[in-house]
1. Using amide H atoms built in the peptide plane, which far-off residues or other-chain residues are under 5 Å from Phe200 H to H?
2. Full extension from Leu166 to Thr462: what is 0.36 nm times the residue separation minus their Cα-Cα distance, to one decimal in nm?
3. Would you mind ranking Ser98, Ser170 by Cβ crowding within 10 Å, fewest neighbours first?
4. For Ser268, Ser416, what ranking results if the residue with the fewest other Cβ atoms within 10 Å of its Cβ goes first?
5. Expressed as a whole number of Å, what is the distance separating the alpha-carbon centroids of the range 150-201 and the range 323-361?
6. Report relative contact order for the chain in percent, whole number only (criteria: Cα-Cα under 8 Å, sequence separation at least 6).
7. Between Phe182, Leu275, Leu250, whose Cα lies farthest towards the positive end of the dipole of the range 160-312 when Lys and Arg beta carbons carry +1 and Asp and Glu beta carbons carry -1, centred on the Cα centre?
8. For the range 250-323, which trypsin sites (Lys or Arg not before Pro) are both in a DSSP coil and crowded by at most 11 other Cβ atoms within 10 Å?
Amino acid sequence: MKMKINAGKTHISGVAAVAALTGAAAYVIFLFWLARRADFDIKRYSLSFICVFLFVFAILELVPAVESAWNVKKTFVDFSRPVVVYFFIALWVLFIDSIFVTWAFSSLNGPGGLTKALEGVWYNTIDANNYAEIATNWYYPVKGSDLFYKIVFFPLYPIIMRAVYLVIRSLPAAGMAVSGIFAYMSGVMIYKLAALPAVFNGNDGKQADGDKRTLRAVKYAFIFPPAFFLMVPMTESLFLFTTLAFFYFLLKKKYAVSAAFAFLAALSRSQGIILVIPFIFEFIADARANGGKLNAGRFIKRGALVLAAPAGFLIYLGINYQFFGDPFQFLTYEKTHWGNVTGYFWDTVNYLKDNFFGYLHSGQTNAALGVAVPNIAAVAAVILIIAIGAKKLRASVTLYALAYFVMSFGLSWLLSGPRYASCLFPLPLVLANITNGRRKTDIILTCLSAAFYVAYLYMFMTKNFGVV
């Protein structure tokens with residue numbers, strides 16, 4: 001099937017569109033069929049994968065013949081149109097989820113359905129089991145097990161997970177559904193946010209190359225090396241969506257809606273509390289733009305909205321107090337169970353470097369490559385990208401990025417730096433902006449990011465590199 005690319009538009013016929021949708025539908029039906037196999041074995045069903053691939057390929061290859069026979073006239077489809085972008089975001093999320101489902105079944109020992117397969121990979125690899133336990137039994141402690149320490153995990157994700165579970169009756173599947181939905185919604189929101197001229201400063205506030213920058217922002221958000229964590233049953237995609245929605249409505253001066261998302265972000269992760277900083281900044285900027293005038297009523301109203309994020313965090317502290325009599329019990333368990341205390345980010349890279357050489361000297365090559373190197377790279381990449389984009393992004397966005405960096409990477413035992421970076425949305429905005437009019441730079445960054453994405457996903461799925 002031949003397509004002619006021209007200025008962000010593609011010549012495509014209705015026949016080609018129907019063929020693409022049919023192929024996608026066949027792929028999704030196959031995945032649902034596969035998920036219901038209790039006897040899944042990757043070798044047994046390898047021919048099924050090949051048959052589906054060839055079937056979809058044949059459908060797409062049939063398009064030119066049908067167009068020729070029917071003398072179909074091709075029309076322009078603008079791939080920068082929101083509806084088209086949203087469609088491809090959904091396809092990408094489904095694609096990564098299908099990889100995870102296939103991985104789960106291929107790792108299954110003995111008979112079992114979807115729930116058992118997903119439990120096998122998620123509950124033994126990452127913190128998904130803790131969110132599932134909260135979704136099931138709330139924060140009631142189970143002494144003598146790790147579940148006693150689940151208070152360190154924030155409540156909003158397991159609440160939503162529980163609601164979805166009531167429909168599909170599988171907790172790990174509910175977790176994947178929640179993460180997939182919010183990953184998709186995050187893609188939509190970053191597209192909408194990147195389209196706001198207010199996000200960029202100076203001349204960069206104008207789209208230098210049409211809608212391509214917004215498309216690149218979405219691209220870099222989803223091919224960022226640790227971005228697959230957005231589809232994993234943890235809180236990353238939920239937090240990313242709430243922070244994106246917060247900034248989108250904040251910059252559109254819909255402060256009440258923005259405050260609501262700040263409240264939800266603070267119930268998702270501890271970093272939600274720092275949304276107070278851009279909130280206050282934008283209120284001051286708005287007041288100065290109006291000659292510094294702010295009547296008492298408006299001052300009180302906006303002051304109340306600023307408290308939205310602290311209110312969400314206070315609810316979490318209240319849960320700590322309810323179960324342990326100490327609103328800051330989570331800090332105690334962070335220290336005693338994970339060895340994590342608040343530190344300085346400039347020390348983080350120092351001990352990560354020492355850990356790298358320590359792993360090598362002790363023969364733990366996989367830990368050096370899967371833990372030390374990615375975390376060092378995450379710290380370096382995040383602060384470098386923030387520094388590069390500081391002049392180009394709106395000040396409130398950069399302030400948020402800096403505060404997030406200090407809070408997330410200034411830990412005494414950083415294990416998940418890349419995962420934390422996956423939901424820091426200013427990063428893809430900067431990458432999209434610095435590639436304006438630089439096609440070669442864009443191609444290089446895209447290829448590097450995609451290559452590291454595949455490598456890091458591989459290390460995560462093999463479970464041998466300590467990627468969490």
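What follows is calculated from the coordinates using simple rules that are stated; it is not laboratory data. These numbers were taken from a predicted model, which means no experiment stands behind them. Because the Cβ atoms are built from the backbone with ideal geometry, glycine has one as well, and the counts that use them run over all protein chains shown.
1. HN-HN under 5 Å from Phe200: Arg394.
2. 103.4 nm
3. Ser98, Ser170
4. Listed from fewest to most nearby Cβ atoms, that is Ser416, Ser268.
5. Between the Cα centres of the range 323-361 and the range 150-201 lies a distance of 27 Å.
6. Over the chain, the number comes to 16 percent.
7. Working it through, the farthest residue towards the positive pole turns out to be Leu250.
8. Here the sparse-neighbourhood loop sites are Lys253, Lys293.
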